[in-house]
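Only one structure is covered here, and it is reproduced in the block below.
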Amino acid sequence: MINVSQLINQVDKNNFTLYSEWEDTGFKIMILRSCTVPLSGEMRMEDANYYIKHLDESFDTYLEKTKHAFSGKNADIQFFLEDDTFTWKHQNILTRGEIAVHSLSNILILSDTLKQSLEHFQKCQERAMALENENEHLNKINTDLIKSVEELINKKTTMEKELYMKFLTLLNTKKKKNRELQEALDSAKKTTQSVYDKTTDESEGSEVENKKVHGTKSSKTRIHKIDYENEQKVAPKSSEKNLKKRFSSSEDTSPEPSTSKGNIANIQNMDIDDTIKSKQVLKSSEESEEDIFS
């Protein structure tokens with residue numbers, strides 16, 4: 001794995017390019033500066049043991065943290081290049097590593113390094129182009145999705161407005177109908193009284209009135225009966241007196257016995273009629289009394 005980064009030398013505050021090549025047993029570095037011979041160095045596992053023990057870390061952990069430091073993304077790491085020594089420290093206090101570097105005079109080493117760098121650059125460029133195409137495709141999809149979402153939002157807003165207007169219309173219609181029904185109900189209550197609103201005392205009052213009427217009829221029947229009995233007692237005497245008066249008057253007015261006999265017969269017939277009428281009155285009173293008690 002190859003990494004290239006731009007760093008700052010804390011000794012002269014100048015920038016330099018750090019080329020690093022990582023392996024399982026260590027890593028190699030190359031420092032490139034403008035108008036200066038390139039510098040090269042490496043750190044193996046045996047060289048890193050001192051720092052591993054001092055920092056109390058495993059070799060893999062030490063390599064990962066060093067790789068992160070050489071990327072230039074950790075602002076707490078400072079780099080120092082002086083003479084033939086390259087050092088990096090944490091917050092300018094704790095030394096995390098040191099490599100002895102030397103000048104590269106062999107052109108073959110530079111050629112190999114440049115070749116590896118160009119190959120790595122080509123891979124990175126291809127990856128960047130693929131990512132760029134993918135990004136354009138995703139941007140296009142994102143734009144289409146945004147348009148679709150906006151259309152859906154507009155349709156949703158329109159539907160909500162239409163449904164709200166329909167709801168208001170329906171609600172107002174229901175309210176109007178309820179008001180009309182309430183007004184009709186109120187007017188009906190004013191004109192007519194419900195059967196269930198009447199008190200049950202009326203039935204009791206009617207029973208009392210029926211008893212009073214029944215008692216009145218019974219008393220009237222008894223009075224009629226008593227009057228009839230009194231009339232019956234008085235009737236024979238009055239009929240006798242009337243008979244004598246008629247008889248005497250008939251004797252005085254008519255000297256002929258035949259005519260007096262006829263008068264006597266007429267008087268008797270009249271008495272019989274009175275008796276029959278009295279019986280009929282008594283019978284009718286008894287029937288009326290039976291009707292009352294039935």
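Extent along the principal axes, Cα only, for region 7-70: 38, 21, 18 Å, with the longest axis given first. Magnitude of the charge dipole for region 2-105, about its Cα centre and with charges confined to Cβ atoms of Lys, Arg (+1) and Asp, Glu (-1), is about 360 debye. Here region 19-55 is scanned for amide nitrogen atoms under 14 Å from the site 7 Å beyond the Cα of N74 along Cα-to-Cβ, giving 51-52, 55.
What is region 2-105's relative contact order, in percent, from Cα pairs under 8 angstrom and six or more apart in sequence? Write down the numbers at each step before the final one.
Working: 175 pairs, mean separation 25.5, N = 104.
Rounded, it is 24 percent for region 2-105.
Positive-end ranking of I52, G97, F70 along the dipole of region 2-105, with charges on Cβ about the Cα centre, is headed by F70. Using the Cβ-Cβ distance between D12 and S58 with R0 = 30 Å, the FRET efficiency computed as 1/(1 + (r/R0)^6) comes to roughly 0.30.
For region 1-121, compute Rh as the Kirkwood radius over C-alpha pairs and then the Stokes-Einstein diffusion coefficient at 4 °C and 1.567 mPa s; write the answer in µm²/s, rounded to an integer. For the chosen part, D equals 87 µm²/s. Taken one residue at a time, the phi angles of region 22-36 give Karplus couplings (6.51, -1.76, 1.60, θ = phi - 60°) of 9, 10, 6, 9, x, 8, 10, 10, 9, 9, 10, 10, 6, 6, 9 Hz. Gly and Pro are set to x. Just going by the charge dipole of region 46-205, with Lys and Arg at +1 and Asp and Glu at -1 on Cβ, which of T191, I107, F79 is farthest out on the positive end? The listed residue farthest towards the positive side: T191. Once backbone amide H atoms are built at 1.01 Å from N, T95 has H90 as its partners under 5 Å, excluding neighbours fewer than 5 places away on the same chain.
Values in this text are rule-based calculations from the coordinates and carry no lab data. None of these values were measured; they are calculated from a predicted model. Glycine also receives a Cβ, built like all others from the backbone with ideal geometry; neighbour counts cover every protein chain displayed.
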